[in-house]
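So the structure is just underneath, and the comments pick up after that.
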Amino acid sequence: MEERIRFINHKGQQVLLVDFSHCTAQEVLDLLPDVQELVTGQPQGSLLTLGDYTGTEVRREVADAMKKVLLFDRRHVKRAAFVGTEHVPRMFLEAFQTFAQREIQLCKTRAEALDWLVEEQAAA
């Protein structure tokens, strides 16, 4: 878990990296409770999060489980960005934003996502 779910520093800001890259659907399902526990243990409105879905298997059961986590996490996350979502069905991405009740910025690279997260943080 520690290598997949960890805080990283980008331009002086803490960002929670949730690295689902190249995970099977079952591996994602196994990681989600750890993600929820870590996020809900943080102060409300405090987190910048980056989810990497590059090469991740996102099936219906994964999307349903992720929506539940996003529902619990939404009070704790200030800004969120995803990368590697080109293969994730659009209806799942739209549902994620609905359950999160905030914009989730879709970026092409981790570097782009990190820059967006901290720029928004600095402006907020």
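Data for the structure
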quantity: Subset tally (residues that are in contact with a Ser or Thr (Cβ under 7 Å, 6 or more places away or on another chain) and in a strand (DSSP E or B)) for the stretch 50-88; calculated: 5
quantity: Residue match in the stretch 23-45 (condition: in a strand (DSSP E or B) and open to solvent by less than 60 Å² (accessible area, probe 1.4 Å)); calculated: no
quantity: Residue tally, condition farther than 18 Å from LEU71 by Cβ and not in a helix (DSSP H, G or I), over the stretch 89-118; calculated: 6
quantity: Subset of the stretch 74-87 [touching a residue at least 24 places away in the same chain (Cβ under 8 Å) and open to solvent by 10 Å² or more (accessible area, probe 1.4 Å)]; calculated: ARG74, ARG75, HIS76, VAL77, LYS78, ARG79, PHE82, THR85, HIS87
quantity: Conditions (1) β-branched (Val, Ile, Thr); (2) over 11 Å from the mean Cα position of the chain (by Cα); (3) crowded, with 16+ Cβ neighbours inside 10 Å; number of the one not met by ILE104; calculated: (2)
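The values are calculated or read from the model by the stated rules, or taken from the named source; none is laboratory data. What you see is a predicted model, and the numbers here were worked out from it, not measured in a lab. Reconstructed Cβ throughout: ideal geometry from the backbone, glycine too, with neighbour counts over all protein chains shown. Heavy atoms of the whole protein, side chains included, go into the accessibility calculation; ligands, DNA and RNA do not. Shrake-Rupley method; radii C 1.70, N 1.55, O 1.52, S 1.80 Å.
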